[in-house]
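Notes for the one structure printed next.
The values are calculated or read from the model by the stated rules, or taken from the named source; none is laboratory data. These numbers were taken from a predicted model, which means no experiment stands behind them. Ideal geometry is used to build each Cβ from the backbone, glycine not excepted, and the neighbour counts take in all protein chains shown. All accessible areas refer to the heavy atoms of the entire protein, side chains included, with ligands and DNA or RNA removed. Shrake-Rupley method; radii C 1.70, N 1.55, O 1.52, S 1.80 Å.
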There are 2 protein chains.
Amino acid sequence: MTNTLKNFMDEHILIIDDVLYSLVGKIIAPEQLKDSMLYSLKAGGKRIRPLFVLAVCELFNNKLKEAYTIGAAVEMIHTYSLIHDDLPSMDNDDLRRGKPTNHVVYGEALATLAGDALNTLSFGILARMENVPPAIKVELINLLSVAAGAEGMVGGQVLDIDGESRSLNLEELEQVHVNKTGALLRFSIEAGAVLSEASEEERRVLVEFAHHIGLAFQIQDDILDIEGTSEELGKTAGKDLASNKSTYPGILTIAGAKDKLAEHYEIAISLLEKLNGDTTILKELAEYIVRRNK
Amino acid sequence: MTNTLKNFMDEHILIIDDVLYSLVGKIIAPEQLKDSMLYSLKAGGKRIRPLFVLAVCELFNNKLKEAYTIGAAVEMIHTYSLIHDDLPSMDNDDLRRGKPTNHVVYGEALATLAGDALNTLSFGILARMENVPPAIKVELINLLSVAAGAEGMVGGQVLDIDGESRSLNLEELEQVHVNKTGALLRFSIEAGAVLSEASEEERRVLVEFAHHIGLAFQIQDDILDIEGTSEELGKTAGKDLASNKSTYPGILTIAGAKDKLAEHYEIAISLLEKLNGDTTILKELAEYIVRRNK
């Protein structure tokens, strides 16, 4: 990791976490519910999505207070999806980021409800942002609803489950990931552009950048499941192979998947050249999530 | 039921259903997910919450198109909460409104995801309403997020589960229901006032009306669980008693619960006298949900 990216992360992650925890901490709700929500929020996520919101806002020299709230909203959605995905009726995972999953600690009922509450809260915090015109809040809420719901992340999860019982082709697999993981990453990047009132063209370029980075990110995830160890990953490695799940390496071989990853990564980076302003952080963040080993 | 109320219901329920089904029907998502969402939306709910939105809007002579969308949003939240409540890890109910519950038909994973998708979609349809100023949409989204989330419905559900393992006193039981069932009813009534741009005072009176009607509704629910039959209710009767759940009849006796219900009902009705305009429908809807036998 370069010093530039390290400084960017050091500067923002503490604030992202503070904002996130205080937004949950201050609601008036049963303590065990808040504990369960905070447990998963505090379980050591990399805050990639909030960092992308902030990176785009910095590109446009936009003030950042509201970017943290948007980052918190998308992190709540991401976290709720992990809690529900880990449930016994879904992926049945006991371990996430090296820690027991939410339902292992709080039971299935509370884990389900903590996920529901995080999903719902994310829209409320966008609605309550200060110093953002209502029309922009409405646009952000609409984008988040589409990205997180049946047309985005939840729909992708359904396709993913479907892909466990039959072999997907490359196009279908791409469809899974454009929705399951791509939609929220795209939201993060597009939301930064919307908040900064970027031009149509700038927004279009950033959305396309998000598309390719999202796919590269997912291909790396599939590769790590094969090449990584459980200890490095903080979750069970080799699960995809064991469950006959359709993956990029499964369809393209490991070498083919790596080529595909490089292809998406290069397209993404070349798109950044179309933007004015300093895109160093966006480029390095992209590189970071593609080169990561966990 | 009076003819006035019957005509009101006949006029609106078909449109409520049409709007609801078409809002789900037109999203681009995996078919099995849409099927699962529509299955529970079509399972024969009484549409009480959308009818209250419409009744309040009629009181203020407000045009109704957007009231149907708000009604659809609250019905989506209500329906998702039933899907998740019925899951084996929660109430473990196989029967709802006389039909197999969502997870019995679609499996637990898809039922969980259909609930998640309905939760998320409700905020998107509010954001996409036409002919509503953005500031009003933002206010509605904020109210719905608070009513449906940890501070409202989901929080109430957590308290309710807590109440299964220990005896609640009357105040605690009221707290459960103010949140678990009251919050969404209150949202429906308050949303009608917000959309109609009612005065602060009118809104305050309606919110208080909603509070008492919500409690009366829940007390009737507890009474029906004892006095109704499974056939009438379309769900398993006597469940509360069998599970040692804290209920109004359990704390107050059946006669005491009926007195309490009458008390809340009378306060609610007397509040309506403070409002200008024709409150007949609101009064009859209130009577309908309190006198219902299922």
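Counting only residues that are within 8 Å of chain B (Cβ to nearest Cβ) and not hydroxyl-bearing (Ser, Thr, Tyr), which one in the range A:145-156 is nearest to A:HIS84 (Cα to Cα)?
A:VAL154
Do we have A:ARG96 as in contact with a Lys or Arg (Cβ under 8 Å, 6 or more places away or on another chain) and either open to solvent by less than 10 Å² (accessible area, probe 1.4 Å) or touching a residue at least 60 places away in the same chain (Cβ under 8 Å) (or both) here? Yes. For the range B:1-45, which residues satisfy the criterion of being charged (D, E, K, R) and without any contact (Cβ under 8 Å) to a residue 12 or more places away in the chain? Across the range B:1-45, the qualifying residues are B:LYS6, B:ASP10, B:GLU11, B:ASP18, B:LYS26, B:GLU31, B:LYS34.
Exactly one residue out of A:GLY156, A:GLY71, A:GLY152 is open to solvent by less than 10 Å² (accessible area, probe 1.4 Å), over 25 Å from B:LYS26 (Cβ atoms) and touching a residue at least 24 places away in the same chain (Cβ under 8 Å), and it is A:GLY71.
Taken across the range A:105-113, residues that are open to solvent by 40 Å² or more (accessible area, probe 1.4 Å) and more than 7 Å from chain B (Cβ to nearest Cβ) do occur, with at least one present. When A:ALA43 is tested against the conditions (1) more than 21 Å from A:ALA183 (Cβ to Cβ); (2) open to solvent by less than 30 Å² (accessible area, probe 1.4 Å); (3) modelled with pLDDT of 95 or more, the lone failure is (3). Would the range A:46-62 turn up any residue that is within 14 Å of chain B (Cβ to nearest Cβ) and out of contact with any Asp or Glu (no Cβ under 8 Å at 6 or more places or on another chain)? No: the range A:46-62 contains no residue that is within 14 Å of chain B (Cβ to nearest Cβ) and out of contact with any Asp or Glu (no Cβ under 8 Å at 6 or more places or on another chain). Test A:PRO133 against the criterion of being of a type outside the set (Gly, Ala, Ser), open to solvent by 30 Å² or more (accessible area, probe 1.4 Å) and within 9 Å of another protein chain (Cβ to nearest Cβ), and give yes or no. Yes; evaluated as a whole, the condition is true for this residue. With the condition kept exactly as written, say whether any residue in the range A:83-92 is surrounded by fewer than 24 Cβ atoms within 10 Å (Cβ to Cβ) and more than 14 Å from every other protein chain (Cβ to nearest Cβ). Among the residues of the range A:83-92, not one is surrounded by fewer than 24 Cβ atoms within 10 Å (Cβ to Cβ) and more than 14 Å from every other protein chain (Cβ to nearest Cβ), which makes the answer no. Is it true that some residue in the range A:86-94 is of a type outside the set (Val, Ile, Thr) and closer than 30 Å to A:ASP278 by Cβ? No, the range A:86-94 contains no residue that is of a type outside the set (Val, Ile, Thr) and closer than 30 Å to A:ASP278 by Cβ.
When the range B:264-294 is filtered for residues that are within 17 Å of B:ASP10 (Cα to Cα) and either surrounded by fewer than 16 Cβ atoms within 10 Å (Cβ to Cβ) or in contact with a His (Cβ under 6 Å, 6 or more places away or on another chain) (or both), nothing remains. Among the residues making up the range A:161-184, those that are more than 18 Å from A:GLU263 (Cα to Cα) and open to solvent by less than 10 Å² (accessible area, probe 1.4 Å) are A:GLY163, A:VAL176, A:LEU184. The condition (being at pLDDT 95 or above and under 15 Å from the mean Cα position of the chain (by Cα)) is satisfied by just one residue among A:ILE189, A:ILE269, A:ILE289, A:ILE281: A:ILE189.
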